[in-house]
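Input: a single structure, listed below in structure tokens.
The values are calculated or read from the model by the stated rules, or taken from the named source; none is laboratory data. Note that the structure is predicted; figures quoted are calculated from it, not measured. SASA here: full protein model, heavy atoms, side chains in, ligands and nucleic acids out. Shrake-Rupley method; radii C 1.70, N 1.55, O 1.52, S 1.80 Å.
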Amino acid sequence: RVLRSDLTNNTRGLVNELQDQQSHLFNEEDRRIEQLANLDKLHRELQGEHVQDQITGFNLTRKDQEITCDYDVRKAAFGEQIKALSSRIEDVELAHAQTKGVEAEAARENQRVNQELNKTYDTKASGLTPLSKD
């Protein structure tokens with residue numbers, strides 16, 4: 001009887017211990033299942049974000065190309081404007097130099113005429129009468 005009682009107690013202890021271990025294993029499996037479900041949910045979210053990132057990256061690349069193209073067009077237009085303005089400046093400088101030459105020639109001619117006008121003529125030597133002097 002004692003042996004039976006000990007055996008029954010030991011068996012119950014083993015059954016209780018096995019039930020505790022089984023319960024612990026079930027809890028551990030439930031925890032892992034929950035973790036796997038969370039990981040699967042996060043994986044799907046990351047896949048969605050990855051797709052969004054790819055779309056955003058494509059849009060940014062396209063926008064970068066548009067900006068670069070627009071910049072190149074404007075740069076070329078400014079280059080043409082700069083060339084046109086440089087040409088116009090050269091024309092103005094040439095016209096200014098020519099005007100200075102004409103102005104200098106006119107000043108020399110003016111000075112020569114003034115010198116001629118300021119000369120006093122000997123009316124007798126030149127055969128002019130004093131009345132023709134006035």
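For the reader, a short list of remarks on this structure follows.
- Whole-Hz Karplus values for region 38-50 come out as 5, 5, 5, 4, 4, 4, 5, 4, 5, 4, x, 5, 4 Hz, taken residue by residue from phi with 6.51 cos²θ - 1.76 cosθ + 1.60 and θ = phi - 60°; glycine and proline positions read x.
- The slack between Lys63 and Glu34, meaning 0.36 nm per residue of separation minus the straight C-alpha distance, is 6.2 nm.
- Whole-percent pair-distance distribution, where bins are 10 Å wide, for the alpha carbons of region 26-81: 21, 21, 17, 14, 12, 8, 5, 2, 0
- Pairs of lysines in the chain (C-alpha under 28 Å apart; 8 or more residues apart or interchain): 5
- Where region 1-101 is the region considered: accessible area per residue in Å², 1.4 Å probe: 94
- For region 14-25, Karplus couplings with θ = phi - 60° (6.51, -1.76, 1.60), whole Hz, Gly/Pro x: 5, 5, 4, 5, 5, 5, 5, 5, 5, 4, 4, 5
- Apportionment of accessible area to carbon and sulfur, region 50-113, percent (1.4 Å): 60
- Hydrodynamic radius of region 3-116 by the Kirkwood approach over all distinct alpha-carbon pairs: 24.5 Å.
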